[in-house]
Amino acid sequence: MADDWKNTLYYGDNLDVLRRHVADESVDLVYLDPPFNSNATYNVLFAERNGSRAAAQIKAFEDTWEWDEAAAKAYEETVEAGGLVSRAMQAFRTFLGDSDMLAYLAMMAPRLVELRRVLKPTGSVYLHCDPTASHYLKMLMDAVFGPENFLNEIVWSYRRYTAKSRRFQRLHDAILFYGRSDRAVFNDMRGEYGEKSGVADSHYKQDDEGRWYRWQKRKGQEPYKIFLSPEGRRLGDVWDIPHINASARERLGYPTQKPEALLERIIKASSNEGDVVLDPFCGCGTAIAVAQRLNRRWIGIDITHLAIGLIKHRLRDAFGERVAETYQTIGEPTSLPDAATLAAEEPFQFQAWALGLVGARVASSAKKGADKGIDGRLYFHDEAEGGKTKQVIFSVKAGDVTVSHVRDLRGVVEREKAQIGVLISMRKPTKPMKVEAAGAGFYESPWGTKHPRLQILTVADLLGGKGIDMPQTRDLRTFKKAPKAKRKTEDTQGKLIEE
């Protein structure tokens, strides 16, 4: 790996990013958790109802895969490329017809082909599957990687609250584990013995030194002790790892977040320090954060600014401000013309991007009219431990702005009993807007500092580094704050960073 390597976070369609930016045989480990559930509430490519779909068009809090022009085009390109993948897709169409499931597989096929291309011969891939599609994906993976390179179907077993149902509760996910070749790296993974490990056996006991043993009897001989390996038991393909519950310390509030323990096991098993880990659907960045902590290099790709902003804040929370020196972000607007283009082409993405610049999150509802005048929120605490949670309310405008927008924001701040309201705009505020904002007065912190209750920030202000005028707080949150990493990691220059 070149000495000038820098971890990279890409905003964009992962198929385009893989083709343009990731070299052949340059990645050691791929983990991907592509979204599928038709009723899930998270960010994915969104199919427009008019039968067309832009390559990078997405909307938040929707998850709809439909057979449309884009799906048909993806299917045709894959079939025309020939080979086993082409034959698999043709068979799927015969069985599934022009269905939503075929649209999903048509999206996944070219991406899996690209992931195989970028993997080293010693590399491997872990595909996290929804049970609705796992059997189809396994057949597709066989076509892409070869059935001889299938290593395991890992069952991630977990407990969570269940509801009344006419079927057994679904309490596991499937993870398909394939090698790029028979040279795939695999580190022997061990677990604990005993009851807590879930593999307790009444034949085994611990001696005074903590060693596990059992008595073995042979006819005509005195029984003697058989000791288990001090390295622990070899792990099987059923992993009992707790789901992230509502009160878990690592929980960020991202709907599809996976536990760090799950990604830690995968990364330790199939990579070594300094290796490159790639997550093409990186969401809230669990694979990225764990790779950073375990001294792996990484590439993350996501098609939503919501995710990109969250990952940046997660890394900063866990590893400190200096972590920004160890990675770069590619694909986000860096100038006013870039921001204007994003605002014109993808208004919701512009909103998420702008909010991300100040560490805020998109309001929980993306449906028109359902946000009640709130585009984003930022929670903070400026009192002693256990003090009241306070908030900043955001309104984001990509087009023309007038004094009525400031007046509306003032009403929302008062209704929500928020401490500060911020209007983010592409355009400069007019004099009447400034006067209206000034008339709202100030928020006074418990230690006496004063901050304008209504503030107007332009995108130019944000790109220039200007932020919100607010108290220096002991805690600032969009999603729940990521826990601080406790280990030391080595940055790309070989320096140790305290975490």
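Quick notes
- Considering only residues in the stretch 219-241 that are within 18 Å of F186 (Cβ to Cβ) and of a type in the set (D, E), the one that is surrounded by the most Cβ atoms within 10 Å (Cβ to Cβ) turns out to be D237.
- Enumeration of residues in the stretch 313-351 that are in contact with a Pro (Cβ under 9 Å, 6 or more places away or on another chain) and surrounded by fewer than 15 Cβ atoms within 10 Å (Cβ to Cβ): T341
- Screening the stretch 5-31 for residues that are hydrophobic (A, V, I, L, M, F, W, C) and outside any strand (DSSP E or B) and picking the one that is surrounded by the fewest Cβ atoms within 10 Å (Cβ to Cβ) gives A23.
- A269 at pLDDT 95 or above, assigned by TED's automatic domain parsing to the domain that holds K120 and either of a type in the set (A, V, I, L, M) or over 19 Å from the mean Cα position of the chain (by Cα) (or both): yes
- Residue selected from the stretch 106-127 under the condition in a helix (DSSP H, G or I) and of a type in the set (K, R), by the criterion surrounded by the fewest Cβ atoms within 10 Å (Cβ to Cβ): R117
- Restricting the stretch 258-298 to residues that are surrounded by fewer than 22 Cβ atoms within 10 Å (Cβ to Cβ) and among the polar types (S, T, N, Q) leaves a set whose member that is nearest to R180 (Cα to Cα) is N272.
- The set of residues from the stretch 153-183 being hydrophobic (A, V, I, L, M, F, W, C) and outside any loop (DSSP other than H, G, I, E, B) comprises I154, V155, W156, A174, I175, L176, F177.
- For the stretch 436-472, the set of residues classified as out of contact with any strand residue (DSSP E or B) (no Cβ under 7 Å at 6 or more places or on another chain), modelled with pLDDT of 90 or more, more than 19 Å from L355 (Cβ to Cβ) and of a type outside the set (G, A, S) consists of E436, T449, listed by residue number.
- Number of positions in the stretch 273-309 that are within 15 Å of Y10 (Cβ to Cβ) and either among the basic types (K, R) or outside the structural domain of D13 (by TED's automatic domain parsing) (or both): 1
- Total residues in the stretch 385-430, condition within 29 Å of the chain's Cα centre (by Cα) and either of a type in the set (A, V, I, L, M, F, W, C) or not assigned by TED's automatic domain parsing to the domain that holds V459 (or both): 9
The values are calculated or read from the model by the stated rules, or taken from the named source; none is laboratory data. Model, not experiment: these values are computed from the prediction. Neighbour counts run over all protein chains shown; Cβ positions are idealised from the backbone, glycine included.
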